[in-house]
1. Straight-line reach from residue 39: which aspartates and glutamates have a Cα under 17 Å away, not including same-chain ones fewer than 8 places off?
2. What is the distance, in nm, between label points placed 7 Å from the Cα along the Cα-to-Cβ direction at residue 54 and at residue 88?
3. Pulled fully out, how much extra length does the chain show between residue 101 and residue 80, if you take 0.36 nm times their separation in residues and subtract their Cα-Cα distance?
4. Once whole DSSP H runs in the chain are found, which of them have Cα atoms spread over 20 Å or more along the helix axis and a mean Kyte-Doolittle score of at least -1.0?
5. Calculate the spin-label point distance for residue 19 paired with residue 38, positioning each point 7 Å from the Cα along the beta-carbon direction, and give it in nanometres.
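Rule-based calculations on the coordinates, nothing more; no lab input. This is a predicted model, so every value here is computed, not measured. Here the Cβ positions follow ideal geometry from the backbone for every residue, glycine too, while neighbour counts run over all protein chains shown.
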Amino acid sequence: MKASVVCMLFASLLLIVLVRDNEGHRLNKNQDVEAIQRKYFNKYDENKDGYVSLHEFRITGSIDGFGEHIDFLFGVLDKDGDNKLNFEEFKEFAPTTEKEAK
Ligand SMILES: [Ca+2]
Ligand SMILES: [Ca+2]
């Protein structure tokens, strides 16, 4: 085998390993983010019915300092207009780091 071919094989192998490693890392990170957002969602979902109602959103949202923008924010987030936020809708709003989620 020519040295250049060996070199190329080695390079592509290295690339595969690197890409794989990256994928795994990204996946882990996504799971972390989701866990943080889930925690934040649970904080808002006081009666734990799996939805954040406007009432719940107002209570916890005002503690978190969203004040007068709460109703507007809720309207924007509630994409299907059923007057409650499921986790998918809430994710748009939920922080993605522990620091923000405090
Ligand atoms: Ca609820
Ligand atoms: Ca909704």
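1. Candidates past the 8-residue exclusion: 49, 56, 64, 88, 89, 92, 98, 100.
2. Result for the modelled spin labels: 2.3 nm.
3. On the way: separation 21, 0.36 × 21 = 7.56 nm, distance 2.51 nm.
Length gained, residue 101 through residue 80: 5.1 nm.
4. Values: long enough: 3-44 (61 Å, 0.00).
Correct list, ordered by number: 3-44.
5. About 3.0 nm separates the two model spin labels.
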